[in-house]
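The values are calculated or read from the model by the stated rules, or taken from the named source; none is laboratory data. No experiment lies behind these values; they were computed from the predicted model shown. Counting neighbours? That spans all protein chains shown, and the Cβs are built from the backbone with ideal geometry, glycine included. The protein model used for the area step is the full one, side chains on, heavy atoms only, and it has no ligands, DNA or RNA in it. Shrake-Rupley method; radii C 1.70, N 1.55, O 1.52, S 1.80 Å.
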Amino acid sequence: MAATAILLLLFAAAAPRLSGATEYTVGDSDGWTIGPSYLAWSQKYNFTAGDTLVFNYVPRQHDVREVTQDAYRTCEPAANQTVRAWASGRDLVDLAAPGDYYFVCNVTGHCLGGMKFSVAVAAPSPPPPPPPRAFPTPAPPPPSSSSAGAWPDVGGVSGLAIGMWIASLLSS
Ligand SMILES: [Cu+2]
């Protein structure tokens, strides 16, 4: 019973952190395509480490590359300037660590045509302080007594002392 309550408490404490990770659909309902301003889109949100970007597009019409800042500027990512690449048409891109991320479409002309944006991902805010304990912490077992397992706590020890005292009376 107590263990179940403690488990429930653990879940309650973990839930806010799990729901803190947010999925952002790039371009919102427009998706990832030619036309929308992804600069404007990216500036609408505050991204936090642990969030996910979702790129929705028709496969083979577009793709997604995370690239270096230089490749982002030139729109010509060389192989060694590509950090990660996706092409499924529904790509889930995790922003696991804080930092700057640069995304482009690598179909010819699309990056220059506006399919590019960067996001500054912030470190997650520290977790809230733990809630006050609902249950008293059980006292730790006595540190040294090797008979703690054999004799029930203090009552057992004083029982042993009384027994020894009686034994000494009987033997005298
Ligand atoms: Cu494209």
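Residue 4 fulfils the conditions (1) at pLDDT below 95; (2) surrounded by 12 or more Cβ atoms within 10 Å (Cβ to Cβ); (3) hydroxyl-bearing (Ser, Thr, Tyr) except for a single criterion, (2).
Can you name every residue in the range 73-89 that is surrounded by fewer than 13 Cβ atoms within 10 Å (Cβ to Cβ) and within 16 Å of the ligand (Cβ to nearest atom)? Across the range 73-89, the qualifying residue is only 88. Do you know which of the residues in the range 36-64 that are in a loop (DSSP other than H, G, I, E, B) and closer than 14 Å to residue 104 by Cα is most open to solvent (accessible area, probe 1.4 Å)? The qualifying residue most open to solvent (accessible area, probe 1.4 Å) is 61.
The residues of the range 91-133 that are within 15 Å of the ligand (Cβ to nearest atom) and open to solvent by 70 Å² or more (accessible area, probe 1.4 Å), listed by number, are 108, 112.
Residues in the range 39-59 that are more than 26 Å from the chain's Cα centre (by Cα) and under 18 Å from residue 93 (Cα atoms) were compared, and the one that is nearest to the ligand (Cβ to nearest atom) is 57.
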